[in-house]
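Data block below; observations after.
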Protein chains: 4
Amino acid sequence: MAANTWGELFRVTTFGESHGAALGAVIDGCPPGLELSEADIQPLLDKRKPGQNRYTTARREADEVRILSGVFEGKTTGTPIGLLIENTDQRSKDYSDIKDKFRPGHADYTYAHKYGVRDYRGGGRSSARETAMRVAAGAIAQKYLAATLNMQFQASVVQIGPHSTHPELATFDWQQVADDPLFCGDAQMSAAAQDYLKQLLKEGDSVGARVRLEVNGVPVGLGEPVFDRLDADLAKALMSINAVKAVSIGDGFAVAEQRGSEHRDALTPQGFSSNHAGGVLGGISSGQPLIAEVAFKPTSSITTPGDTIDVHGQPTTIVTRGRHDPCVGIRGVPVVEAMAALVLMDHVLRQRAQNGTVTHSFPQI
Amino acid sequence: MAANTWGELFRVTTFGESHGAALGAVIDGCPPGLELSEADIQPLLDKRKPGQNRYTTARREADEVRILSGVFEGKTTGTPIGLLIENTDQRSKDYSDIKDKFRPGHADYTYAHKYGVRDYRGGGRSSARETAMRVAAGAIAQKYLAATLNMQFQASVVQIGPHSTHPELATFDWQQVADDPLFCGDAQMSAAAQDYLKQLLKEGDSVGARVRLEVNGVPVGLGEPVFDRLDADLAKALMSINAVKAVSIGDGFAVAEQRGSEHRDALTPQGFSSNHAGGVLGGISSGQPLIAEVAFKPTSSITTPGDTIDVHGQPTTIVTRGRHDPCVGIRGVPVVEAMAALVLMDHVLRQRAQNGTVTHSFPQI
Amino acid sequence: MAANTWGELFRVTTFGESHGAALGAVIDGCPPGLELSEADIQPLLDKRKPGQNRYTTARREADEVRILSGVFEGKTTGTPIGLLIENTDQRSKDYSDIKDKFRPGHADYTYAHKYGVRDYRGGGRSSARETAMRVAAGAIAQKYLAATLNMQFQASVVQIGPHSTHPELATFDWQQVADDPLFCGDAQMSAAAQDYLKQLLKEGDSVGARVRLEVNGVPVGLGEPVFDRLDADLAKALMSINAVKAVSIGDGFAVAEQRGSEHRDALTPQGFSSNHAGGVLGGISSGQPLIAEVAFKPTSSITTPGDTIDVHGQPTTIVTRGRHDPCVGIRGVPVVEAMAALVLMDHVLRQRAQNGTVTHSFPQI
Amino acid sequence: MAANTWGELFRVTTFGESHGAALGAVIDGCPPGLELSEADIQPLLDKRKPGQNRYTTARREADEVRILSGVFEGKTTGTPIGLLIENTDQRSKDYSDIKDKFRPGHADYTYAHKYGVRDYRGGGRSSARETAMRVAAGAIAQKYLAATLNMQFQASVVQIGPHSTHPELATFDWQQVADDPLFCGDAQMSAAAQDYLKQLLKEGDSVGARVRLEVNGVPVGLGEPVFDRLDADLAKALMSINAVKAVSIGDGFAVAEQRGSEHRDALTPQGFSSNHAGGVLGGISSGQPLIAEVAFKPTSSITTPGDTIDVHGQPTTIVTRGRHDPCVGIRGVPVVEAMAALVLMDHVLRQRAQNGTVTHSFPQI
């Protein structure tokens, strides 16, 4: 698995910087015969796109995706699918005030030391704009999994700063989530959080968020012991999203307080009686809904001045101009869904390779 | 990255079932010239070994590791290192009471449906015994990283059920951690948790735990954008450990409540002024200590009877006989250290491949 | 190593069909700091480009390559390099006479059965046009290896049908090879072969060729036992080129007739006294020039009618219209160089990962 | 694909030196449910084993293989299969006369410079003894492919020095090949070659060989464009065998002399009318028998003294004592079959991953 490639059998390779000529991706390993056009991808890209409402950055990115290869007469051919988004807004910006300063909380400092090269433009490869290509690739995986296994990927915001909801409070009416400006399923929490975000924008600050993922339709038997467990791959996929600092499956950190008699999900002839495990046992899907949560950190690109150093090691202060997202977790929602789809897609193909079918019908079960 | 292989350049492949003939591992990619003998590995294996005290299972596993290849005249040669632990205690056990029942909370059910084959012996490949080989491989990585970069991997138990400590309360005197029967750095918490565990043993129940990892000596610049981020690989490595349900880096889930002005770690000529990020920025190490936490679920192998089904789909109850760990997180401590070492080792080699050196001295820094 | 990706550490992923919207490649793992622009790539693409002279197909392909990412201020940044060639000549062609027929000697039949999908346009992904992206990626590797190790990749045509030369007859004045319309270093053979090709064109037939590769400047110690040997990777790289049917290293098939006393190259304080091995011993480079040969089959796209079947399984005949190369091996010369460069580049990075340096100075040598 | 690992989905990792404690392999990705015991592997190991007759080295290697994991109640479970051969004959040998000398034509010199470490014992990891584990792993692949697709792997010696046969002369009665001491299907050639080998043994010299592989039962559609072509992977697999210097598919180097009208295999309703392609078109199997040839160089371990240098760079001469194979190609026959089986096995699983089935029944064909 290469640095800029995700997956073993459904492989997504991305390239492009936020202020370069274009963003692109190559999807290698998509089964042939899937109906596919740009219309399957664009809506998910639009969901992630900035400038959709006042809580996301006003920066305009056209994000018009083109399929360059791998599709013939409306169907995938089995050959690699090339995707491209040309960056239309590349006018030379004035970076003179940040060119020599490391932005605190950014990849600036670590990239410079890793590569010995400094691309001081807005984030370069570490920009969240890179996730557009993950969403595009994930859209293809989502379409395939929905078509063949009726699998559904749905994420929502369940916490923004001090405002949170619980699964039982949130309705998880997914249409409501889609319509909510914060992708939140609890109208009360959303209203309170929107007020909070308006205040933050005035103060020139940002805040973190927690996002909950639910995947329905996962067949039993996906995941590979011992390292490529389904939950392990999901943890990597979600932690690889910009700004994510924590990942949990099922009851997550709460399991540290639970007893075995409480945690274990009883098996009955009608199925599991609870889902503390979050749909994974021994690293392999149990057939229950897959449940995960992630925490997004607050972006450091805020108009509140911050202490830092310049490239000569001298102390200085920095202010990030321009409007940025007060809460990057909101736009992270479709990225969470996309990465989960890439993980599941890969494991479906792996399972098919090893067993011929996706799930064994175990004797008498 | 194959199912039973970890790593790209320092590759660890493990095999063996808990009740089979042997456990083994192949380490491919270890640089030549490292002094190595069984004496470098055995102490870490002994730390993980069951039966060390009353809080870990009394089952006896000799866990005597042999180096079969890759070392000549006391030094690694650059060729693959074969490791083997023969299972000495293989007497045929009576499985008749569990042979046809799925144990709730176990991989039993998912393995049976994944493979269409049922290995009803004590866990087979999904047993925690498999982690012995991770510890053995990790010991080699830890030795190399300590010798070349003075990197140190240290984990400790910071929560067991209702009993917890905070980094500031725990002394993190690592000798004290090593001597504590619960690998806990807070004597007060350890004492309370020991009483709690004794009570659990009487009740035939188990409990979860939280483990904190600290890696010192990590150079700036390790990790690969965008998918093979250092934190993403660490998340996968830790989530792949049996019973782990959550992984966090730095402030973890608490970032959902933080503001940007609070979270971002200021840069000063003397270094970072705080470490909310946990040593990773944009997926690349910042040179600060790497901080992570994981949650271990309570084992489901308890003497409290549980509801389940048999292989014919009929409802039944199950009791796991024999003594088991009341808290598997304790023995997970050396496994957490080992997996972190495998991640860092791989990224050190990757960095060296791309840049020739581990860290660029960036101009003027 | 994925189907459309070459390499472990210098990874090249290509996409695009000959009659689709574009061809592209992503190069992941290029070390940062290499000066790079389109001007480093275009000349090698032009060498491969059809229509250069009367012995290569007259089809016009602009083959204008654009660098989309991974280069900032004229230097590589360490992030993935996106390359794109838009297909300018995409006018809808009339395929009605071949749409339902399998072309004998082509991938038509095998692709249709592999994917269950038929892209009847001129070769689709199996077209030699795909190799343009190999040449582009190879150009970057060649530049890096020349700049850092003074490595040189040079191939030439040594046989076309009945006309051949021997290394000792060919001057291997590489400028002469570059100027020769057949990339042949033996003026006498070239003249005879040109007459032969003119005759073939008249007859509507084609012919095979043999190409010899010589890589100078290869340091001792490259290659990985036991599977990823340098010669094994080179064999795969060269055999993966369209139309190649055989690969040999050093004395090649002639070794079946040699005795051990004749084959083994003696070591002297001044170096090896001969190079029967072709620069590889035990799968690892010896420091001598790397010598390989490949055989290109004659293209099946000829105007001589051929027997075949249609997609309904009925017998029919087929004629490939339009002008095609009478000898595809000629345009294969830069592809051979490119693939060899990709192999060497990858092994240089792998060696650096494992050993820190490219070559150990072994004691006293 | 790691240095000591073969394959993507059926992954074979080997370890062990010829004079170390043991040889071993891990096979990861074998489908569950295959009946398997040591009795399926041992006969193929015995075929490769030295000391079988006067034309192979008299060295005794017990080569008793043990299955350590991955098999339960006589069937594979889907978990990794660990294989081990303990080296019984490890008595300390006297290496004093070669310890400081590089053997010409061996990996001695290249290993020393690659790793900076010298394992002067009989070949270490570069010894042909390493191929025992390839044969063991290949035996499992051969069993699976025979059971599920009726695929058959058969190789034979077609040239030894000046003595050769042609496919049409050799009967390819595979039982006769198996019974022949040289694995040759032409009794006349075998008799002449045996006389020749006896003479070589007297003279203390060795000779090369050519081996022909034929795989029957290959379904149409295996192989991945563009890099992981079936013929490219086969070329790598065969070139990775010790002493192999050339690989060809179908008509091989002879295609350089052929015309397109002669080379292309016509398609008829009854199948292909010839097999110049050797069963591969565009890198994908055509359904015809897969035909390949390899050339083995003569071993350099001969009793004829040879010029070389010592580790101090001083000129000296060397004589390899003990009896060695006069023609290593003979024992290479089962290794050729094994490597081909590993290639096909991997591609069968890859095809199944992508398409669900091994071969699409293309409309009307």
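The values are calculated or read from the model by the stated rules, or taken from the named source; none is laboratory data. These numbers were taken from a predicted model, which means no experiment stands behind them. FYI the Cβ positions are ideal-geometry reconstructions off the backbone, even for glycines, and counts take in every protein chain you see.
Tabulated results
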{"quantity": "Test for A:Phe227: is it in a strand (DSSP E or B) and under 30 Å from B:Tyr115 (Cβ atoms)", "calculated": "no"}
{"quantity": "Test: residue in the range A:291-305 that is more than 7 Å from chain B (Cβ to nearest Cβ), touching an Asp or Glu at 6+ places or on another chain (Cβ under 9 Å), farther than 20 Å from B:Ala340 by Cα and of a type in the set (A, V, I, L, M)", "calculated": "yes"}
{"quantity": "Filtered residue count, the range D:230-248, keeping only those that are at negative phi, within 9 Å of another protein chain (Cβ to nearest Cβ) and either out of contact with any helix residue (DSSP H, G or I) (no Cβ under 9 Å at 6 or more places or on another chain) or not in a strand (DSSP E or B) (or both)", "calculated": "12"}
{"quantity": "Subset tally (residues that are more than 30 Å from C:Asp346 (Cα to Cα) and part of a loop (DSSP other than H, G, I, E, B)) for the range C:149-168", "calculated": "5"}
{"quantity": "Tabulated pairs, the range A:125-138, first more than 20 Å from A:Leu68 (Cα to Cα), second charged (D, E, K, R), C-beta under 6 angstrom, 6+ apart or interchain", "calculated": "A:Arg125/A:Glu17"}
{"quantity": "Matching residues, the range C:16-30, being part of a strand (DSSP E or B) and either in contact with a helix residue (DSSP H, G or I) (Cβ under 6 Å, 6 or more places away or on another chain) or free of Cβ contacts under 8 Å to residues at least 40 places away in the same chain (or both)", "calculated": "C:Leu23, C:Ala25, C:Ile27"}
{"quantity": "Pair list, Cβ < 8 Å and 6+ apart or interchain, from the range D:308-319 residues that are more than 7 Å from every other protein chain (Cβ to nearest Cβ) to residues that are assigned to a loop (DSSP other than H, G, I, E, B) and polar (S, T, N, Q)", "calculated": "D:Val319/D:Thr303; D:Val319/D:Thr304"}
{"quantity": "From A:Ala209, A:Ala155, A:Ala193, residue being hydrophobic (A, V, I, L, M, F, W, C) and more than 25 Å from A:Thr303 (Cα to Cα)", "calculated": "A:Ala155"}
{"quantity": "Those residues of the range A:198-224 which are of a type in the set (D, E, K, R), closer than 27 Å to A:Val177 by Cα and part of a helix (DSSP H, G or I), in sequence order", "calculated": "A:Lys198, A:Lys202"}
{"quantity": "Number of positions in the range C:253-300 that are crowded, with 24+ Cβ neighbours inside 10 Å, small (Gly, Ala, Ser) and out of contact with any strand residue (DSSP E or B) (no Cβ under 6 Å at 6 or more places or on another chain)", "calculated": "7"}
{"quantity": "Odd one out for D:Ile330, checked against (1) at the interface with another protein chain (Cβ under 8 Å from one of its Cβ atoms); (2) farther than 21 Å from D:Leu145 by Cβ; (3) aliphatic (A, V, I, L, M); (4) under 18 Å from the mean Cα position of the chain (by Cα)", "calculated": "(1)"}
{"quantity": "Matching residues in the range D:281-301 - criterion: being at pLDDT 95 or above and within 30 Å of C:His263 (Cβ to Cβ)", "calculated": "D:Leu290, D:Ile291, D:Ala292, D:Glu293, D:Val294, D:Ala295, D:Phe296, D:Lys297, D:Pro298"}
{"quantity": "Long-range neighbours under 6 Å by Cβ, at least six apart or interchain, first residue crowded, with 23+ Cβ neighbours inside 10 Å within the range D:179-191, second assigned to a loop (DSSP other than H, G, I, E, B) and hydroxyl-bearing (Ser, Thr, Tyr)", "calculated": "D:Gly185/D:Thr171; D:Asp186/D:Thr165"}
{"quantity": "Any hit, the range B:257-274, residues being farther than 20 Å from A:Ile249 by Cα and within 23 Å of the chain's Cα centre (by Cα)", "calculated": "no"}
{"quantity": "Test set (1) touching an Asp or Glu at 6+ places or on another chain (Cβ under 8 Å); (2) basic (Lys, Arg); (3) assigned to a helix (DSSP H, G or I) - B:Arg134 fails condition number", "calculated": "(1)"}
{"quantity": "Residue match in the range A:139-160 (condition: within 21 Å of the chain's Cα centre (by Cα), buried (at least 18 other Cβ atoms within 10 Å of the Cβ) and among the aromatic types (Phe, Trp, Tyr))", "calculated": "yes"}
{"quantity": "Single residue of the range C:207-229 satisfying the filter (crowded, with 24+ Cβ neighbours inside 10 Å and under 21 Å from C:Val328 (Cβ atoms)) that is farthest from the other protein chains (Cβ to nearest Cβ)", "calculated": "C:Leu213"}
{"quantity": "The range B:112-154: number of residues that are over 14 Å from B:Trp6 (Cβ atoms) and in contact with a Lys or Arg (Cβ under 6 Å, 6 or more places away or on another chain)", "calculated": "2"}
{"quantity": "Residue within the range C:27-38 that is closer than 18 Å to C:Val65 by Cβ and within 18 Å of the chain's Cα centre (by Cα) present", "calculated": "yes"}
{"quantity": "Candidates A:Lys93, A:Lys75, A:Lys49, A:Lys99, filtered to the one that is modelled with pLDDT under 90 and either at the interface with another protein chain (Cβ under 7 Å from one of its Cβ atoms) or within 22 Å of the chain's Cα centre (by Cα) (or both)", "calculated": "A:Lys49"}
{"quantity": "Residue within the range A:105-127 that is surrounded by 19 or more Cβ atoms within 10 Å (Cβ to Cβ), in contact with a Leu (Cβ under 6 Å, 6 or more places away or on another chain) and more than 30 Å from A:Ile318 (Cα to Cα) present", "calculated": "no"}
{"quantity": "Among (1) assigned to a helix (DSSP H, G or I); (2) farther than 19 Å from C:Gln142 by Cβ, the one test that C:Ala178 misses", "calculated": "(2)"}
{"quantity": "Filter result (touching a Lys or Arg at 6+ places or on another chain (Cβ under 6 Å), facing chain D (nearest Cβ under 10 Å) and not charged (D, E, K, R)) within the range B:10-46", "calculated": "B:His19, B:Gly29, B:Gly33"}
{"quantity": "Given (1) assigned to a helix (DSSP H, G or I); (2) within 7 Å of another protein chain (Cβ to nearest Cβ); (3) out of contact with any helix residue (DSSP H, G or I) (no Cβ under 9 Å at 6 or more places or on another chain), number of the condition C:Ala254 does not satisfy", "calculated": "(2)"}
